[in-house]
Each structure stands twice: as structure tokens, then as C-alpha cells.
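Structure record follows, encoded as C-alpha cells.
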Amino acid sequence: MPIRRILIANRGEIALRIHRAAHEMGIETVAVHSTADAEAMHVRLADHAICIGPPAAAQSYLDVAAIISAAEIAGADAIHPGYGFLSENAKFAEIVEAHDIAWIGPKPEHIRTMGDKVEAKRTAGALGLPLVPGSDGAISEIVEAKRLADEIGYPVIIKAASGGGGRGMKVCSSPDQLETLIKQAGNEAKSAFGDDTVYLEKYLGNPRHIEFQVFGDGEGNAIHLGERDCSLQRRHQKVLEEAPSPVLTPEDRERMGGIVSKAMSDMGYRGAGTIEFLWEDGEFYFIEMNTRLQVEHPVTEAITGVDLVREQIRIAEGKPLSVTQDELEFTGHAIECRINAEDPWTFAPSPGKVTTYHAAGGMHVRVDSGLYAGYSIPPYYDSMIAKLIVSGRTREGCIMRLKRALEEMVIEGVKTSIPLHEELLKQPDFISGDYSIKWLEEWLAKREG
Ligand code: ADP
């Protein structure tokens, strides 16, 4: 069924990103927004806009009834959830479909399975993905956990089954701390996610974070669009991402890509997904799957030429994938910097009025952002205000272009993370591509000390 009008259940740069893909397909858009976002760019550009509540996300962007009502009032025939907010809420996906509105996302049962990390790990194992050694499901007995930890060796990491956004994890380096940390992790998970289920796995010392972009048509056809390296993280949050990974060979990519696309095909997966791995000494270890579009998807678009949002919409219309694995080519290199409204060194949020704004431009430079001069960044939401994505034939060329583009970006009135990115690009370890998920925090600590 062709889609004519999409309600975008999100805000900021991703709402704009979806609006752009929709308009390029001749599809109308409906923006929903909180009172704090009345002046936002995604609201200005959409064909229709509906205010769905006060600033607090729980009463607006997470309010299922308000969003469904808005879709009915606006006559939307599809909903795109973006990332975050309701994007991985299986119940919401079911409600959307029950209202005869196309859900631009995976099948609700797959969202549910992958949203529970214990279930996700079990499913990934059954589909043949390599796992981090650890507990076979949730931890119920401390004695059992102790035996297992002895077997796989310390340090181990205790993770919440319902955890997300880098929260709900505890590293344990000796047997005498295990019981206390398991209890603490359970209590914290209970209050943060309403579920005290925890599981245990080997803590990898110095891995990279490498994830594969996948797409399925829901009928058993699936492809992979290569990997992204997201090892530059602070507090488990990604700061800069690149594709391809500086450490994978084309053979590694083909082998692992083959394994993930076969898994998605066997599952009958529909739409966009990301399979996240830790990578150490040439081995991949599955950690989780995200059943949605990722913040860092543009680096994949840059090296494949595939518009991932367009692809999501096509699949929701019941169309086949627009490219086959054989047709896909990976060309050159791409890097994305997440630009946040925050102090570049203390990371304290810095919302407020943007007095001057000038986006970088030029060949192979893309800025995804809802910013404009005079816009007030509200204090209620995520601090990411822009993504700068550059591409080039080689990684070296890409780094040079990124330096040049960062020089051109002007955001005044608030503090931003641009100075952090400028400093990062000068570091020999970054230039050589020799960094793990620990690198950024160690570098920041050294810089401070
Ligand atoms: P979330 O859903 O909260 O993002 P993930 O399972 O994706 O949680 O893990 C987030 C980050 O935590 C990873 O990118 C990695 O930096 C770290 N991490 C997770 N599991 C392990 C592990 N077994 N060993 C070492 N680091 C880990």
C-alpha cells in the first residue's frame, strides 16, 4: 500500500531527516511536538503540525494516546518513530498497527525479543551469531553466578536485561564483590527500568565497538550494509562514528556480513536494524540488536549511497529491498561527529538561545540539524543538536575534510562539543585508527590530570 502521509513521532534532527526523505518521495508529513518545540525546524517544515502536550517527554513524545489521536486527526496513514522515545516500544508498534496505520519499523515481536537483552542473546545464539561468554539467561542463584564467573574468569560485567543507553552495567573484578554487585545492579535496574533481571558476561578488556547495519523485507530477504566503528565513547555513549572500521579487512566484512544477513533472513526480519558487536583480537562478540534507525546511520549512507529512511518507508509500503547484496558497493570512508550543546570538557549541558549559526558546506559535507539563528535549545531533551558527516575516498582525506568542516561550523550563544572534536582529530591514536572503547575516557582523564 502506498503511503501518502507520515506522522513523525519524534523531534530534532531525526524528525527533519525523516521529513526530508518523505518529501523526496512525494509523501506529506505531520509533525507532532511539545509546547517547548513550537518553534522547532521540524515543526516549521512539516505539512501539518499538532501540539501533543507539555515539555516533559512522558506527557508528549512518549504519550501513546496523544500520538495516535494526532495521527487520526491528521489522517496520517503511517508513523515513523525515529530513534529513542517510542521507537523500540513493541506495545506502541502493536497499537499503531491495530489502528490500521502503517508502522515504519520492524515487526512488534522482533522489537520485543531484541528489547530484552537476555532474550536477544538467546535468539542471537540460536541464529548463529557469536556471543560474549556468559550466563545462559538471567542470574537467579548467587552460587551459580560465582561458579560461572570462576569458569569464564574475572573481570565480569553484570548487565540489566532491560538496560539501555549505556546504563545498568557493573564491572566486577573479584569473587568477593560479586554478590554485592549483583544485588546492587538488580536494585538499580528495578528502579531505572522496572525490572530487576540481570545477567553476567565476560568483561572484555580492550575491545572495539563494531556494528552491522541490516535490512530485511519481512519475507526472508535480507542484506547487510557493512559496519560502523563506534569505539569512541564516553560513559558508553557514542561520540564519533566511522565507516568502514579502520581494523576490518574486506574478508572480515564479507564473512561477518554474511552471518548477520543470514540471521536476519532466517528470522524474517523487517526493516532497519543494527547488530552490535564487541571486537577483540579478530573475534566478534554479539552484545545487542537495535530494532530501529541509529543516530549514526548517515555514515553508512555515505559509503553505500543508499537512503536508509527511504528504504524503511518502501518496506513499510510492502515493496522489496531496492538493492541486492551483489549490487551494493562500499566506496570510500565517512565519519560523523555528534555535536552536543554542552561544555566540551566538563560535559555540563548548555541549553539556551543560539545567536549565530552557520553550517559547514562543500563537497561531501552533510549537516543534519534543526538549528537556526534565534532558535532556543530547550533544556528538556537530549543535548545532541547537530551531526556533521563528511566522506572522502580515503580515511586520511576524510579526516582533513572533517577538520576543515569543523573550522567552518559556527554555533554561538551556547557551548558545544566542537572543540572536543577538533582536539580529537589531532590525536595520533585517532589518526592511526588505533583506539578501543576505553581510549576516549583514558585520554580525557590524562588531559585533565
Ligand atoms: P546499551 O544498550 O546500554 O547501549 P550495550 O550492551 O550495547 O548496552 O553496551 C554498551 C557499551 O558497554 C558497549 O558499547 C561497551 O562499551 C560496553 N560493554 C558492554 N558489554 C561489555 C562487555 N562484555 N565487556 C566490555 N564492555 C562492554
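Miscellaneous remarks
- Residues in the stretch 191-210 that are open to solvent by less than 50 Å² (accessible area, probe 1.4 Å) and part of a strand (DSSP E or B): Val198, Tyr199, Leu200, Glu201, Arg208, His209, Ile210.
- Selection status of Gly216, open to solvent by less than 10 Å² (accessible area, probe 1.4 Å), at positive phi and touching a helix residue (DSSP H, G or I) at 6+ places or on another chain (Cβ under 7 Å): no
- Taken as a whole, the structure places Ser261 among residues that are farther than 30 Å from Asn340 by Cβ, polar (S, T, N, Q) and open to solvent by less than 40 Å² (accessible area, probe 1.4 Å).
- Residue in the stretch 153-167 that is surrounded by fewer than 19 Cβ atoms within 10 Å (Cβ to Cβ) and away from the ligand (no atom under 15 Å from the Cβ) present: no
- Residue match in the stretch 219-241 (condition: on the phi > 0 side of the Ramachandran plot, outside any helix (DSSP H, G or I) and more than 16 Å from the ligand (Cβ to nearest atom)): yes
- Residue pairs whose Cβ atoms lie under 8 Å apart, separated by 6 or more positions or on different chains, with the first residue in the stretch 178-202 and under 15 Å from Gly115 (Cβ atoms) and the second open to solvent by 80 Å² or more (accessible area, probe 1.4 Å) and within 11 Å of the ligand (Cβ to nearest atom), are Ala192/Arg167.
- Residues in the stretch 168-180 that are surrounded by fewer than 19 Cβ atoms within 10 Å (Cβ to Cβ) and assigned to a helix (DSSP H, G or I): Pro175, Asp176, Gln177, Glu179, Thr180.
- Considering residues of the stretch 348-385 that are open to solvent by less than 60 Å² (accessible area, probe 1.4 Å) and polar (S, T, N, Q) only, the residue farthest from the chain's Cα centre (by Cα): Thr356
- Looking only at the stretch 285-299, residues that are within 22 Å of Val239 (Cβ to Cβ) and more than 10 Å from the ligand (Cβ to nearest atom) come to 8 in all.
- Scan the stretch 8-52 for residues that are open to solvent by less than 10 Å² (accessible area, probe 1.4 Å) and over 15 Å from Asp368 (Cα atoms) and the total you get is 10.
- Note on the stretch 168-212: residues that are more than 8 Å from the ligand (Cβ to nearest atom) and either of a type outside the set (S, T, N, Q) or within 21 Å of the chain's Cα centre (by Cα) (or both) total 26.
- Of all residues in the stretch 332-347, exactly one satisfies the criterion of being open to solvent by 60 Å² or more (accessible area, probe 1.4 Å) and either assigned to a strand (DSSP E or B) or in contact (Cβ under 8 Å) with a residue 40 or more places away in the chain (or both), namely Trp345.
- Counting the residues of the stretch 283-315 that are of a type in the set (Gly, Ala, Ser) and surrounded by fewer than 21 Cβ atoms within 10 Å (Cβ to Cβ) gives 1.
The values are calculated or read from the model by the stated rules, or taken from the named source; none is laboratory data. No experiment lies behind these values; they were computed from the predicted model shown. Virtual Cβ from ideal backbone geometry, glycine too; neighbours counted across all protein chains shown. Ligands, DNA and RNA are excluded from the accessible area calculation, which covers all protein heavy atoms including side chains. Shrake-Rupley method; radii C 1.70, N 1.55, O 1.52, S 1.80 Å.
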